[in-house]
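Visitor: I am attaching a structure below and will ask some questions about it afterwards.
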Amino acid sequence: MRRDGNGRFYFLLALPSLAVLILVFLLPLAFNLSRAFFVDGGFTLYLVKEAFTDGYTWRLLSFTLLQAFLSSLVSVLVALPGAYLWANYRFRLKGLMLSLSSLCFTLPSILVVLGFVIFYGNSGFVNSLWRALTGRDEPIRILYSFRAIILAHAFLNIPVALNLITGAWSSFPRTLENASHTLGAGRVRTFLSVTLPRLRATILSASLLIFLFCFTSFSIILVLGGGPQYTTLEVEIYRTNNIVLDSAKASALSLFSFCVNIIIVLLYVLASRSEEGKERAADRAVKATKLRTRLALFLYNTLMLIFILGPLASIVTRSFISTSKRYGEGFSTRAYQELFGLTRSIGAMGEAFTALLNSLAIALAVALCSSILALFLSLYIARRRSRLTELVGMFPLAVSSVTLGLGYYIIKASIGASSVLVGAITVILAHLVIALPFAVRTLVPAVRMNGERTVLAAYTLGAGRMKALFTVEIPALRGAIMRAFIFSFALSVGEVNATLTLAEGKVVTLPILLYRLINSYNYQGACAIGTLLILMTLVVFAISQAIGDGRRKADGKA
C-alpha cells in the first residue's frame with residue numbers, strides 16, 4: 001500500500017513537469033509539423049510528398065549523414081588511444097585533462113566557430129606560424145571546407161568520446177585480461193578478443209550520441225562550411241524559413257528531419273540500456289613505468305592541449321589586438337570598453353552590454369525552471385522505474401533546436417505577437433526544451449544512487465511524504481540539482497540555433513551578437529564577446545567541479 005501510494009505521489013509530482021514538457025515542446029513541434037499539411041487554409045500532402053521524394057532533399061540527407069558519420073568516426077578513433085592511456089595509467093595533471101575534456105562539451109558552438117576562424121584562418125595563428133617558419137605567402141587552407149566541418153565537430157566531440165570511453169574502460173576489472181595474458185595472448189589479441197567486446201556498447205553509445213549532435217549541427221555548418229555545397233538539413237530548414245520565407249516548405253523539411261532524428265535517438269537509447277548492469281570495479285590505473293608509455297602519454301596529452309587550448313587561447317589573445325587604422329593597430333582594450341559601455345561604440349558592439357544582460361537573465365530563468373522540472377520528473381523515473389517517462393524526457397533530443405525554433409516562430413506568426421517580451425519568452429521556452437533532457441540525464445543517476453532506504457526510514461519515523469521529500473530526498477540531491485542548474489545555465493548562455501530563428505533582431509544575446517560580429521568581420525569585438533563567454537563557461541564549470549569534489553569527499557567520509 002505504501003509503495004502504491006508512493007507511486008501516485010511521485011506521479012503527481014511529475015505531472016506538472018510532463019504538462020510543461022507537452023506545452024513547451026509538443027505544442028510548438030505540432031504547430032511546426034502540421035504547417036506542412038496546410039497551405040492557404042486547405043489540407044494538402046503535396047509539400048510532405050515533395051520533401052520525402054525530392055532528390056535534393058535526399059542529397060541533403062546524404063551529406064548530413066556523411067558529415068555526421070565521419071565526424072563521429074574521427075572523434076571515436078582519436079579518442080580510443082587516449083581512453084586506453086587515461087584508463088590504464090596514472091599521470092600528473094590527469095584530473096586537469098579530464099576536466100578540460102569535459103569543459104569542451106559545454107562550449108557554445110558559435111564560440112568554436114570563432115576560435116577556428118582566428119586559429120586556423122588564412123590570417124590566423126597557424127598560418128602566421130607557417131609563414132614565419134617557411135617564408136611562404138600561400139596559406140594552409142583549412143576553413144570554409146568539408147574538413148573544417150569535421151575538424152570543428154571533432155573539437156567538440158573528441159572530449160565527449162574520451163570521457164565516456166575512459167569512464168567505462170577504467171571501471172572494468174582486470175580479471176579477464178590477466179587470464180588472457182596467462183593463456184599466452186598478447187596485448188593486441190587481448191584487446192580485440194576481451195577488451196573491445198566489453199567496450200562495444202560504450203563505443204556504440206558514444207558514437208550515436210556524437211552522431212546525433214553532428215546530425216543536428218547548425219552554426220558550424222552555416223559558417224565553416226563556406227557554401228551551398230555543404231548544406232545540411234538543418235541549414236536548409238533555416239534558409240528556407242528565414243531567407244526564402246517559405247515556412248510551410250521549411251516545416252515539411254522539419255518533418256523529414258524529425259523522422260530521421262527519431263531513429264537515431266531510439267538507437268541511442270537502446271545502446272545506452274545495453275551498458276547497464278555491467279560488472280564494475282575500482283580504478284584500474286597504474287603508474288606508467290615504461291619509457292614508451294610515458295612518451296605516448298606526453299605526446300597524446302600535448303597534442304590534445306594544443307588542439308583544445310589553441311583556438312580558445314587565440315580568441316583571448318585576438319581580443320586585445322586591434323587592426324583598425326582609425327583607432328590604431330596593435331594592443332588595445334577598446335573592445336572591452338565598448339562591451340561594458342565605457343566608451344562610445346559603432347555598429348553591433350553598441351548592443352554588447354544589453355546582450356550580456358539578456359543572456360544572463362534568460363539563462364537564469366532557463367536554469368531555474370529546467371532544474372525544478374527535471375528534479376520531479378527524475379524522482380518519478382527513478383522511483384517508479386518508468387522507462388516510458390525516461391524516454392519522454394529524452395524525446396526533445398530527437399528535435400533540433402532549429403526545428404523547435406521554427407515551431408515557436410510559427411506560433412508567434414499565428415497569433416500576431418512580435419513584441420520584445422514575446423520574443424524573450426519564446427526564446428526562454430525554446431532554451432528550456434533544449435536544456436531539460438540534459439538536466440534529466442544529470443539527475444536520474446543521482447536519484448537512483450541514493451535509493452529509497454532513507455525515505456522509507458523517514459516514513460517509519462512518522463514523516464509524511466511531503467516532509468520526507470523536502471527534508472530527506474531533496475537535500476540528498478542538492479549537489480546533483482546544482483549541477484543540473486549549472487549545466488542548463490551553460491547550455492542556455494551558449495545557445496544560438498533556436499535564438500537565431502526566434503530573435504528577429506529584437507532579442508539579442510551574446511551568441512547572436514557574436515554571430516553578427518563574425519559576419520561583419522569585427523574580429524576584435526567578436527573575440528571580446530568570445531572571451532567573456534569562455535570566462536562564463538569556466539566559472540560555471542569550476543563551480544560544477546567544486547560541487548562534484550565536495551560530494552565525493554562527503555561520500556568518502558560517509
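The values are calculated or read from the model by the stated rules, or taken from the named source; none is laboratory data. What you see is a predicted model; the values in this text were computed from it and never measured. A quick note on method: Cβ atoms are made from the backbone with ideal geometry, for glycine too, and the neighbour counts reach across all protein chains shown. Areas reflect the complete protein model, heavy atoms only, side chains present, ligands, DNA and RNA absent. Shrake-Rupley method; radii C 1.70, N 1.55, O 1.52, S 1.80 Å.
Visitor: How large is ³J(HN,Hα), in whole Hz, for each residue of region 436-449 in order, when computed from phi with the Karplus curve 6.51 cos²θ - 1.76 cosθ + 1.60 and θ = phi - 60°, using x for Gly and Pro?
Guide: 4, x, 6, 5, 4, 5, 6, 8, 4, x, 5, 5, 5, 5
Visitor: Ranked from highest to lowest mean number of other Cβ atoms within 10 Å per residue, what is the order of the peptides 468-477, 307-316, 31-40, 233-242?
Guide: 233-242, 307-316, 31-40, 468-477
Visitor: What share of all Cα pairs of region 353-428, in percent, falls into each consecutive 10 Å distance bin?
Guide: 15, 34, 35, 14, 2
Visitor: Shifting gears a bit: Structure shown: which of 49/412; 249/412; 94/290 lie over 24 Å apart, alpha-carbon to alpha-carbon?
Guide: Flagged as over cut-off: 49/412.
Visitor: Let me ask another. Return the tail of the calculated pair distribution for the chain, meaning the percent of Cα-Cα pairs more than 35 Å apart.
Guide: More than 35 Å apart: 41 percent of the Cα pairs in the chain.
Visitor: Per the 1.4 Å probe, what fraction of the accessible area of region 136-200, in percent, lies on carbon and sulfur atoms?
Guide: 61 percent
Visitor: Return the FRET efficiency for the residue pair residue 471, residue 44: r is the Cβ-Cβ distance, R0 is 56 Å, and the value is rounded to the nearest 0.05.
Guide: Plugging the Cβ-Cβ distance into 1/(1 + (r/R0)^6) gives 0.45.
Visitor: For residue 431, what accessible surface area do you get with a 1.4 Å probe? Give it in Å², rounded to 10.
Guide: Accessible area, nearest 10 Å²: 10 Å².
Visitor: Now, a different point. Find the accessible area per residue for region 320-471; the probe is 1.4 Å, ligands and nucleic acids are left out, and the unit is Å².
Guide: 47 Å²
Visitor: What does the convex hull of the alpha-carbon atoms of region 109-227 project to on average, in nm²?
Guide: Mean shadow area of the hull around the Cα atoms is 10.3 nm².
Visitor: Which whole-number value in Å² is the accessible area per residue of region 81-128, probe 1.4 Å?
Guide: I get 34 Å² per residue for this part.
Visitor: Now for a different question. Under a 1.4 angstrom probe, counting protein chains only, how are 287, 506 ranked by accessible area, largest first?
Guide: 287, 506
Visitor: Provide, as a two-decimal number, the C-alpha radius of gyration of region 1-102 over 2.2 N^0.38 Å, N being how many residues it has.
Guide: Against the compact-globule rule of thumb, the ratio is 1.91.
Visitor: Still on this structure, please answer the following. Over region 139-257, with the other protein chains present, what is the accessible area per residue in square angstrom, probe 1.4 angstrom?
Guide: 37 Å²
Visitor: Moving on. Using a 7 Å offset from the Cα along the Cα-to-Cβ direction at both residue 353 and residue 137, what is the distance between the two label points in nm, to one decimal?
Guide: Here the answer is 4.5 nm between the modelled labels.
Visitor: Further question on the same structure: So how do 465, 383, 294 rank on accessible area, 1.4 Å probe, biggest first, that is with the largest at the start?
Guide: I get 294, 465, 383, largest accessible area first.
Visitor: Semi-axes, largest first, in whole Å: what does sqrt of 5 times each Cα gyration tensor eigenvalue give for region 191-344?
Guide: Ellipsoid semi-axes (Å, largest first): 40, 33, 13.
Visitor: For region 11-165, rounded, prolate or oblate, judged on the Cα gyration tensor with a ≥ b ≥ c (square roots of eigenvalues), a/c < 1.5 rounded, else prolate if a/b > b/c?
Guide: Oblate.
Visitor: So, one more: Give me the accessible area of residue 169, 1.4 Å probe, in Å² rounded to the nearest 10.
Guide: Taking all protein chains as shown, residue 169 has close to 10 Å².
Visitor: When the chain is fully extended, how far beyond the present Cα-Cα distance does residue 130 get from residue 19, taking 0.36 nm per residue of separation?
Guide: In short, 34.3 nm is gained.
Visitor: Hey, another quick one. Based on alpha-carbon centroids, what's the gap between region 356-392 and region 316-338 in Å, whole number please?
Guide: 41 Å
Visitor: Determine the gain in length on full extension of the stretch residue 543-residue 61; use 0.36 nm per residue of separation and subtract their C-alpha separation, reporting nm with one decimal.
Guide: Working it through step by step, the gained length comes to 169.5 nm.
Visitor: If you stretched the chain out fully between residue 146 and residue 360, how much longer would it get, using 0.36 nm times the residue separation minus the C-alpha to C-alpha distance?
Guide: 73.6 nm
Visitor: A follow-up question, please. Taking H as built 1.01 Å from N, whose amide H comes closer than 5 Å to the amide H of residue 39, not counting residues under 5 places away?
Guide: Result for residue 39 returns 44.
Visitor: Along the Cα→Cβ direction, 7 angstrom out, place labels at residue 244 and residue 519. What is the inter-label distance in nm?
Guide: My value for the distance between the label points is 1.9 nm.
Visitor: While we're on this one: Which log10 I(q)/I(0) values, to two decimals, does region 396-501 give at q = 0.12, 0.14, 0.16, 0.24 Å⁻¹ under the Debye formula with one point per Cα?
Guide: Rounded to two decimals, the profile gives -0.57, -0.68, -0.77, -1.19.
Visitor: Does region 470-512 come out rounded, prolate or oblate by the C-alpha gyration tensor, with a ≥ b ≥ c the root eigenvalues, rounded set by a/c under 1.5 and, if not, prolate when a/b is larger than b/c and oblate if not?
Guide: Verdict is prolate for region 470-512.
Visitor: Running Debye on region 169-277 with equal point scatterers at the Cα sites and no solvent, what base-10 log of I(q)/I(0) appears at q = 0.17, 0.19 Å⁻¹?
Guide: -0.86, -0.96
Visitor: Indicate the gyration tensor shape class of region 432-471 (rounded, prolate or oblate), computed on the Cα atoms with a ≥ b ≥ c the square roots of the eigenvalues: a/c under 1.5 is rounded; otherwise a/b larger than b/c is prolate and the rest oblate.
Guide: It is oblate, given that a/c is not under 1.5 and a/b is not larger than b/c.
Visitor: With runs of 4+ DSSP H residues as the only contributors, calculate the mean residue ellipticity of the chain at 222 nm using -39,500 (n - 2.57) per run, divided by the residue total and rounded to the nearest 500.
Guide: -24000 deg cm²/dmol
Visitor: Using a 1.4 Å probe on the protein heavy atoms, what percent of the accessible area of region 354-471 belongs to carbon and sulfur?
Guide: Heavy-atom surface of region 354-471 belonging to carbon and sulfur, 1.4 Å probe: 69 percent.
Visitor: I'm a student and want to see the number: the projected area of the Cα convex hull of region 462-539, averaged over all directions, in nm².
Guide: Its average projected convex-hull area is 7.3 nm².
Visitor: Around residue 350, what is the net charge, scoring Lys/Arg as +1 and Asp/Glu as -1 over all other residues with Cβ under 14 Å from its Cβ?
Guide: +1
Visitor: Debye sum, Cα scatterers, region 314-446, no solvent: what log₁₀ I/I(0) at q = 0.13, 0.23 1/Å?
Guide: Values, matching the q order: -0.77, -1.25.
Visitor: Extending each Cα 7 Å along its Cβ direction at residue 267 and residue 325, get the distance between those two points in nm, one decimal.
Guide: Inter-label distance under the simple model: 5.4 nm.
Visitor: Okay, moving on. At a Förster radius of 30 Å, what calculated FRET efficiency corresponds to the Cβ-Cβ distance of residue 175 and residue 385, to the nearest 0.05?
Guide: After rounding, the FRET efficiency stands at 0.50.
Visitor: Provide the solvent-accessible area of residue 105, counting protein heavy atoms only and rolling a 1.4 Å probe, rounded to the nearest 10 Å².
Guide: Its accessible surface works out to 60 Å², give or take rounding.
Visitor: Apply the Karplus curve 6.51 cos²θ - 1.76 cosθ + 1.60, θ = phi - 60°, to the phi angles in region 468-482 and return the couplings in whole Hz, x for Gly and Pro.
Guide: Per-residue couplings from phi come out as 5, 4, 8, 9, 10, 5, 5, x, 5, 9, 4, x, 5, 5, 5 Hz.
Visitor: Residue 506 label point, 7 Å along Cα→Cβ, cut-off 18 Å on backbone N: hits in region 355-390?
Guide: Only 355, 358-359, 362 fall inside the zone, counting backbone N under 18 Å.
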